[in-house]
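Report on the following structure.
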Amino acid sequence: MATLALRHTLRGHQEPCVWHLSWCPSGGSFASCGADKTIRLWAAQGDEWSCHAILEEGHQRAIRWCSWSPCGRLLASASFDGMALVWKCEDGAFECIASLEGHESEVKAVAWSVSGAYIATCGRDKSVFVWEAEDDMYEVAAVLHNHSQDVKSVAWHPQDDVLASASYDDTVRVFTQHHDDWHCKQRIDAHTSTVWCACFSPDGSAIVTCSDDRSVGVWRQNAEGAYERQASLAEVHSRPVYTVDWNHGGAEGSDDGELVATGGGDDAVCVIRAPVGGGELERVCRHERVHAGDVNCTAWSPRSNPGWLATAGDDGCIRMWRVTPDVTPDRTPPAA
């Protein structure tokens with residue numbers, strides 16, 4: 001059975017909830033955001049991690065999500081104030097260069113496409129916005145109203161401009177572009193309750209989802225390009241599963257690209273093996289009391305700095321973990 005080894009506990013946010021983490025593509029730093037309406041930038045200094053910048057004059061309410069651009073010079077944030085902002089780093093300092101306004105209420109998530117040409121946002125107003133980026137200008141490319149309830153998260157394919165969204169309506173939608181029009185290519189009836197998060201595999205051939213129904217599912221692309229159920233794992237956590245991330249940071253030829261990390265309302269983190277070629281899901285690690293409250297985010301470091309798992313929780317802390325390489329299935333049931 002694999003184990004999580006705690007290496008660092010980072011404190012700095014002034015409110016008890018850290019909502020989200022996003023690694024810079026360089027792997028040497030990451031951003032965090034939370035209920036204190038700030039974004040904090042953390043970097044490694046020798047064997048330690050420390051906060052080297054705070055972005056605090058942008059949003060008026062809690063910041064729910066943050067996302068680095070592929071080039072690592074831009075950072076997008078989404079807030080309960082109904083806006084998404086874009087920040088740009090010039091000479092080591094960040095400034096807000098754009099405000100993406102269009103959602104009617106809370107913006108729940110934001111994500112950059114792999115090409116850097118698009119930003120996706122989603123919100124409580126049941127919509128997904130696609131914004132086209134060009135020369136620090138951002139215009140609405142599409143407003144998608146396919147979900148019937150809150151949209152909780154958005155995620156881009158790692159190689160193509162294909163977008164997935166997860167919703168309170170228990171579904172995942174997959175969007176693609178045809179000429180200048182964005183449309184819903186597929187509806188995935190993923191779970192029996194809210195789908196909190198969805199994430200693509202490193203090669204984009206699969207999507208992993210997590211849900212209020214306490215399960216995790218993997219959807220594998222078939223010959224026609226549609227995602228169909230490959231496997232599911234019930235009762236991964238004893239309470240809702242709020243976050244899932246597929247490890248894109250493993251070295252070539254390693255098994256790291258088969259590892260998925262989840263966090264839930266039971267304050268625990270689980271590591272699951274999802275075989276690249278298909279097969280059953282295996283829980284290889286469960287760590288209790290990762291945070292003194294809900295685990296809101298699990299985020300693997302990128303390939304440029306592999307081996308780290310960062311977590312954020314309702315206790316206001318960020319924790320940095322290393323995962324041992326043993327991938328023997330963990331048969332321990334989740335705590336009641």
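The values are calculated or read from the model by the stated rules, or taken from the named source; none is laboratory data. Just so it is clear, the model here is predicted, and its values are computed rather than measured. Because the Cβ atoms are built from the backbone with ideal geometry, glycine has one as well, and the counts that use them run over all protein chains shown.
Couple of notes before you dig in:
- Residues that are of a type in the set (Gly, Ala, Ser) and part of a strand (DSSP E or B), drawn from the range 92-127: Ala93, Ala98, Ser99, Ala109, Ala111, Ala120, Gly123
- Scanning the range 62-74 for residues that are touching a residue at least 40 places away in the same chain (Cβ under 8 Å) and in a loop (DSSP other than H, G, I, E, B) turns up Ala62, Ser69, Pro70, Cys71, Gly72.
- Within the range 91-104, residues that are without any contact (Cβ under 8 Å) to a residue 40 or more places away in the chain reach partners that are loosely packed, with under 11 Cβ neighbours inside 10 Å with beta carbons closer than 6 Å, at six or more positions or on different chains, in the pairs Ile97/Asp136.
- Identity of the residue in the range 8-49, among the small types (Gly, Ala, Ser) and touching an Asp or Glu at 6+ places or on another chain (Cβ under 7 Å), that ends up farthest from Arg303 (Cα to Cα): Ala35
- Of the residues in the range 286-298, at least one is farther than 23 Å from Lys108 by Cα and not in a loop (DSSP other than H, G, I, E, B).
- The range 33-60 - residue that is part of a strand (DSSP E or B) and of a type in the set (Gly, Ala, Ser) and, of those, surrounded by the fewest Cβ atoms within 10 Å (Cβ to Cβ): Ser50
- The set of residues from the range 291-326 being at pLDDT below 95 and either surrounded by fewer than 19 Cβ atoms within 10 Å (Cβ to Cβ) or under 13 Å from Leu10 (Cβ atoms) (or both) comprises Arg303, Ser304, Asn305, Pro306, Gly307, Trp308, Arg322, Thr324, Pro325, Asp326.
- Among the candidates Gly279, Gly257, Gly263, residue that is at pLDDT below 90 and either crowded, with 24+ Cβ neighbours inside 10 Å or more than 17 Å from Val323 (Cα to Cα) (or both): Gly279
- Enumeration of residues in the range 201-213 that are crowded, with 24+ Cβ neighbours inside 10 Å and not aliphatic (A, V, I, L, M): Thr209, Cys210, Ser211
- For the range 182-233, the strands (runs of 3 or more DSSP E) that sit wholly inside it and include 1 or more residues that are within 19 Å of Arg283 (Cα to Cα) and basic (Lys, Arg) are 216-221, 227-233.
- Per the listing Ala164, Ala133, Ala142, the residue uniquely over 18 Å from Trp65 (Cβ atoms), part of a strand (DSSP E or B) and not charged (D, E, K, R) is Ala142.
- Residue count for the range 88-114 satisfying the condition of being closer than 12 Å to Asp161 by Cα and either at pLDDT below 95 or exposed (fewer than 12 other Cβ atoms within 10 Å of the Cβ) (or both): 0.
- The listed residues are Phe30, Phe80, and the only one of them that is at pLDDT 95 or above, out of contact with any helix residue (DSSP H, G or I) (no Cβ under 8 Å at 6 or more places or on another chain), of a type in the set (Phe, Trp, Tyr) and surrounded by 21 or more Cβ atoms within 10 Å (Cβ to Cβ) turns out to be Phe30.
Here's the yes/no breakdown for (1) more than 22 Å from Asn296 (Cβ to Cβ); (2) in contact (Cβ under 8 Å) with a residue 12 or more places away in the chain; (3) under 18 Å from the mean Cα position of the chain (by Cα):
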{"residue": "Cys122", "(1), (2), (3)": "no, yes, yes"}
{"residue": "Asp125", "(1), (2), (3)": "no, yes, no"}
{"residue": "Glu132", "(1), (2), (3)": "yes, yes, no"}
{"residue": "Val140", "(1), (2), (3)": "yes, yes, no"}
{"residue": "Val143", "(1), (2), (3)": "yes, yes, no"}
{"residue": "Asp161", "(1), (2), (3)": "yes, yes, yes"}
{"residue": "Ala164", "(1), (2), (3)": "no, yes, yes"}
{"residue": "Val174", "(1), (2), (3)": "yes, yes, yes"}
